[in-house]
Amino acid sequence: MDLMNPGQVLFEEISAMIEQSRRAIYVHAGSATVLLFWEIGKHINTDILENKRADYGKKIVSRVATQLTERMARRKILLLGDEPTEENE
């Protein structure tokens, strides 16, 4: 039987706890993302398109998607601590 020293045991236990937490975070984040997308779709369909199909709705969604991408990219840069460049300012 291979006996581990107390430091190695502690390391393995903490590693297992971290991995278990990571898995739980991935599951929760996935569920939250699905719910977010459903709520966004419902909001667009109900409030913007009024439950109808419309070509202008595609334009609105495209414009909002571009704006959100720009805003979220800036926030990601700030969150990660990357230095701003001319492209991402």
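The values are calculated or read from the model by the stated rules, or taken from the named source; none is laboratory data. Every value quoted in this text rests on a predicted model; they were computed, and no experiment measured them. All Cβ positions, glycine included, derive from the backbone under ideal geometry; neighbour counts span all protein chains shown.
General remarks:
- Looking only at residues in segment 44-61 that are exposed (fewer than 10 other Cβ atoms within 10 Å of the Cβ) and assigned to a helix (DSSP H, G or I), the one that is modelled with the highest pLDDT is Asp47.
- Residue that is surrounded by the most Cβ atoms within 10 Å (Cβ to Cβ), among those in segment 62-89 that are at pLDDT 65 or above and among the charged types (D, E, K, R): Arg74
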